[in-house]
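The numbers here are math on the coordinates, done by the rules we state, and not lab data. Source: prediction; values computed, not measured. So basically every Cβ, Gly included, is an ideal-geometry build from the backbone, and we count neighbours across all protein chains shown.
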Amino acid sequence: TTDFLLVRSTSGRQQLLHVRPISCLCLVGQTEPLIEICTPSSRQCAQRRRRCIRQMTREAWRRALSVGETEDKVVEDVQKWWVKEVPSIRAEVKECKEGQAEEEGGQGSASFPEDVCILEAIERGSRRLRALGIENIT
């Protein structure tokens, strides 16, 4: 084999180094698929953002119903994460209140973790470019 692992172990005050062959390897985390990151102003980004807001609002609404909180509290909770999206949050809360959100059958939750990761990557890249002096991304 050509793959080895360097292992450091401590025995008392002495540190030992061992070289061990790698016969089997298991990975944890996402290695595939690689997903293209869209621009912050694109339609894809807006759709992902909308799905995340919808899912977070539904979860906050379910929690609020179980503890007897008001819809203003739901808006306040979700607004902490989406400061610029208050009208969208209010619209989602209104849908939850009218019971329309349940009819969609959790459609947005299927890709929710991926959407969150992609939106974070978009935001991180956008901040990095602004720090470098690049304002307009096309």
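Using θ = phi - 60° and the Karplus form 6.51 cos²θ - 1.76 cosθ + 1.60, what ³J(HN,Hα) does each residue of region 11-22 get, whole Hz, x for Gly and Pro?
The phi angles translate into 10, x, 9, 9, 9, 10, 10, 10, 9, 10, x, 9 Hz.
If the chain between Arg50 and Lys73 were fully stretched, how many nm would it gain, using 0.36 nm times the residue separation less the Cα-Cα distance? Could the numbers behind the result be given before it?
Values: separation 23, 0.36 × 23 = 8.28 nm, distance 1.96 nm.
Extra length available between Arg50 and Lys73 comes to 6.3 nm.
With a Cα-only, solvent-free Debye model of region 39-138, what are the log10 I(q)/I(0) values at q = 0.10, 0.13, 0.22 Å⁻¹?
-0.31, -0.50, -1.14
Choose one of Ala46, Val74, Asn136: the residue whose Cα lies farthest towards the positive end of the charge dipole of region 39-138 (beta-carbon charges +1 Lys, Arg; -1 Asp, Glu; about the Cα centre).
Of the options given, the answer is Asn136.
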